[in-house]
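Taking it in order: structure first as structure tokens, then the write-up.
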Amino acid sequence: MNAWLWAATVLAVAGLAPCLVVTVRSGALERLVGLELAGVVATVVLLLLAQGFGRSSYVDLALVLALLSFAGSLVFARFLQRWV
Amino acid sequence: MTVRHIIALVLLVAGVTVIVLSCLGVLVVPGAYQKLHFAAPASSLGGVLVGAGLAVEAAVFTSAFKDVFTVLVLAVTGPVVTTATARAVRARDQRQDVQRRDDRPGEDRPGEAGPTEGRPTEGRHIEGRHIEGRHIEGRHIEGRHSDDRHSDDRHSEPGPG
């Protein structure tokens, strides 16, 4: 394992686990914050995995996740702003 | 191990540290506003640091173009999402304030415009009541005992976040 894969592992364990805990506790908007942060962490993890495996085509996955998590977070925020 | 590789590693470690710390901060602090404060640096600072590490490692700009673009997307959309979420939190708090006021119809406060009024207005009203209490009680300078129930009710309202 090279440094990029180690960094991806550390992020996936120490970064995604707190987001998961936040996402299953407390109120709706606090959970939304955890979801947004989990999207960012997952994007960075995919970037690092692409670099670590040496497959530059895997970066597309990170790019698509960044765009889609942005759209999803905005939709959730709009929904919660009106109805919760 | 070239100098470029070392610089890339330092940037990578810094970015990963920022992201992990912001995740732990979001886990620890209470309230949506505080959680938002800790969630914001992960996209705008941590992601950019990791992307800079990737770009330095790649050396040729065209091979790291998609990495840099992805990180730029993160950095641009992060504040937008944070603002939208904070707006949703504010709307929820205002609705809760209005609901709490409707639940206690006997305690209408004259002169208060509505839920958009901030905390200082409430504070001034509380102070006004305290001054009244002080006048009635004469020498009792603290003057908070006569109004303790009301002021406790007001102060116990949870603030935003």
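Structure summary
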{"read-out": "Average beta-carbon neighbours from other chains, 10 Å sphere, peptide B:71-82", "value": "6"}
{"read-out": "Per residue value of the accessible surface for the range A:3-83 (all protein chains in place, 1.4 Å probe), Å²", "value": "48 Å²"}
{"read-out": "Sorted peptide list for B:93-103, B:34-44, A:19-29, B:13-23, criterion being average Cβ within 10 angstrom, highest first", "value": "B:34-44, B:13-23, A:19-29, B:93-103"}
{"read-out": "Residue-averaged beta-carbon neighbours from other chains (10 angstrom radius) around B:31-40", "value": "5"}
{"read-out": "Average beta carbon contacts from partner chains per residue of B:44-53, 10 Å cutoff", "value": "3"}
{"read-out": "Heavy-atom accessible surface that B and A bury in contact, both chains counted, 1.4 Å, Å² to 100", "value": "3500 Å²"}
{"read-out": "Alpha-carbon spread of chain A, three principal axes, descending order, Å", "value": "46, 23, 10"}
{"read-out": "Relative contact order %, chain A, counting alpha carbon pairs below 8 Å whose residues are six or more apart", "value": "31 percent"}
{"read-out": "Karplus (6.51, -1.76, 1.60) ³J(HN,Hα), θ = phi - 60°, over the range B:21-29, in Hz, Gly and Pro reported as x", "value": "5, 5, 5, 5, x, 4, 5, 7, 6"}
{"read-out": "Packing-based order for B:72-80, A:30-38, A:46-54, using average beta carbon neighbours within 10 Å, highest first", "value": "A:30-38, A:46-54, B:72-80"}
{"read-out": "Computed over the range A:1-43: relative contact order in percent, which uses C-alpha pairs under 8 Å that are six or more apart", "value": "38 percent"}
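The values are calculated or read from the model by the stated rules, or taken from the named source; none is laboratory data. Bear in mind that the values here come from a model prediction, so they are computed numbers and not experimental data. Cβ atoms come from the backbone with ideal geometry, glycine included; neighbour counts cover every protein chain shown. These accessible areas exclude ligands, DNA and RNA; they are computed on the full protein's heavy atoms, side chains included. Shrake-Rupley method; radii C 1.70, N 1.55, O 1.52, S 1.80 Å.
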